[in-house]
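Quick notes on the structure that follows.
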Amino acid sequence: GAVVSQHPSRVICKSGTSVKIECRSLDFQATTMFWYRQFPKQSLMLMATSNEGSKATYEQGVEKDKFLINHASLTLSTLTVTSAHPEDSSFYICSANSGGRASVYGYTFGSGTRLTVV
Amino acid sequence: GENVEQHPSTLSVQEGDSAVIKCTYSDSASNYFPWYKQELGKGPQLIIDIRSNVGEKKDQRIAVTLNKTAKHFSLHITETQPEDSAVYFCAASMAAGNKLTFGGGTRVLVKP
């Protein structure tokens, strides 16, 4: 089946620094990647949608200059949290869709990244 | 935009009993409805999905029903086991490729 590898699984960073999270589709080409944020005991909230080779589309209320998304290849998308603050601490999850293979696999989620900003 | 409501928020069942989780959606254009299981500290895992041209789908102990007229869909887990304990999310999208809108989640506890 389709596999999405997300790294790192956990990261602790100091306030004011930047953190990069990577998502790779291992056995399929991800034409679309979705980035979600999940606070404890809450649902997944979509932050942005990225299509390979084009700019990401951000959901209302999500700062595009703070959460930089790059989807430069069909197998890799990155989310960079810039100038992180404690309120950015959360569980970040990516999801990939293979377009033509969506009818088979739907959406495949990464294992998530627990970000703690101290 | 789409809004998905999920109930109950918590569900405790005895091992071997059935569990039912219900979701309603607002956008009649939605036609893809997946269900995910999320264990602590992990990403969601697809357990079953249904498309709008189907009213019911079953996979072993798991079944999903869809009522497009009423705009609601339900997850049924039969013969529950302790390993079914997790948080379950329903979701909806206009196509199996567009963005998903998630319900609020149901924390299921199966007591041995």
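The values are calculated or read from the model by the stated rules, or taken from the named source; none is laboratory data. If you're wondering where the values come from, they're calculated on a predicted model, not measured in any experiment. Quick reminder, even Gly has a Cβ in these numbers, built from the backbone with ideal geometry, and neighbours come from all protein chains shown.
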Sole residue being of a type in the set (A, V, I, L, M, F, W, C), more than 25 Å from residue A:39 (Cβ to Cβ) and within 12 Å of the chain's Cα centre (by Cα), chosen from B:77, B:21, B:47: B:77
Checking residue A:73 against (1) without any contact (Cβ under 8 Å) to a residue 12 or more places away in the chain; (2) more than 13 Å from chain B (Cβ to nearest Cβ), the condition it does not meet: (1)
Some residue of segment B:93-103 being of a type in the set (A, V, I, L, M), out of contact with any helix residue (DSSP H, G or I) (no Cβ under 7 Å at 6 or more places or on another chain) and part of a strand (DSSP E or B): no
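Listed here are the residues, each with its yes/no results for (1) among the polar types (S, T, N, Q); (2) within 27 Å of residue B:105 (Cα to Cα).
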{"site": "A:16", "(1), (2)": "no, no"}
{"site": "A:33", "(1), (2)": "no, yes"}
{"site": "A:40", "(1), (2)": "no, yes"}
{"site": "A:47", "(1), (2)": "no, yes"}
{"site": "A:50", "(1), (2)": "yes, yes"}
{"site": "A:61", "(1), (2)": "no, yes"}
{"site": "A:84", "(1), (2)": "no, no"}
{"site": "A:89", "(1), (2)": "yes, yes"}
Qualifying strands (runs of 3 or more DSSP E) (wholly inside segment B:2-42; at least 2 residues being among the polar types (S, T, N, Q) and either surrounded by fewer than 17 Cβ atoms within 10 Å (Cβ to Cβ) or within 14 Å of another protein chain (Cβ to nearest Cβ) (or both)): B:10-14
Residues within segment B:51-74 that are within 14 Å of chain A (Cβ to nearest Cβ) and more than 10 Å from the chain's Cα centre (by Cα), tallied: 6
Residue match in segment A:57-64 (condition: more than 16 Å from residue B:99 (Cα to Cα) and within 14 Å of another protein chain (Cβ to nearest Cβ)): yes
Criterion (at pLDDT below 95 and not basic (Lys, Arg)) met by exactly one of A:90, A:83, A:54: A:54
